[in-house]
Amino acid sequence: MSEEWIPAAIYLALCLAIPVGSLVAAALLRVRSRVDSPAKYDTYECGEEPDGVAWVRFHPRYYVVALVFVLFDVEAAFLFPWALNIRDVGTIAIVDMAIFLGILLAGWAYAVRKGAIEWQ
């Protein structure tokens with residue numbers, strides 16, 4: 001192996017040694033119980049007694065509403081820094097943001113038309 005590959009080999013060795021070493025150290029240093037408690041296998045709900053079973057099926061509509069929420073949450077993450085610098089960005093940035101908001105509004109209108117946002 002030539003000398004130019006030595007730093008790459010060291011880096012690869014570190015990339016393998018650190019995660020493996022962390023897992024081994026965690027396995028050796030963990031706190032172990034002498035007896036398995038039945039509470040270990042119970043559903044935990046913030047100190048309250050669980051109401052029903054933990055394995056409940058959710059309607060796909062729930063996930064669609066969650067995805068639409070994430071979409072508009074990401075929009076807000078892009079909109080705030082732009083709004084803080086609106087005086088410095090210029091006209092092209094305002095047009096770009098109008099196009100971005102137009103695309104998001106079209107997606108929202110599509111979701112409303114399909115009934116994805118209505119909670120039944």
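No lab work stands behind these numbers, since they all come straight from the coordinates. All figures in this text were calculated on a predicted structure; none of them were measured in a lab. Cβ: placed from backbone, ideal geometry, glycine included. Neighbour counts: every protein chain shown.
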Hz values of 3J(HN,Hα) by residue in segment 68-74 - Karplus curve (6.51, -1.76, 1.60), Gly and Pro given as x: 5, 4, 4, 4, 6, 5, 5
If I compute Rg and Dmax of the Cα atoms in Å from the structure I just sent, which labelled value in (1) 26.9, 80; (2) 17.4, 62; (3) 26.0, 69 lines up? (3)
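For VAL31 and ALA9, FRET efficiency with R0 = 35 Å and r from the beta-carbon atoms, rounded to 0.05? Walk me through the numbers on the way to the answer.
Numbers: r = 37 Å, r/R0 = 1.05.
The computed FRET efficiency comes out at 0.40.
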Cα gyration tensor shape for segment 60-114, rounded if a/c is under 1.5, else prolate or oblate: oblate
Among GLU4, GLU75, what is the fewest-to-most ranking by other Cβ atoms within 10 Å? GLU4, GLU75
Sparse-neighbourhood loop sites, trypsin sites (Lys or Arg not before Pro) in segment 66-120 - DSSP loop, at most 10 other Cβ within 10 angstrom: none
Under a crude label model (7 Å from the Cα following the beta-carbon direction), how far is VAL24 from SER2 in nanometres? 3.3
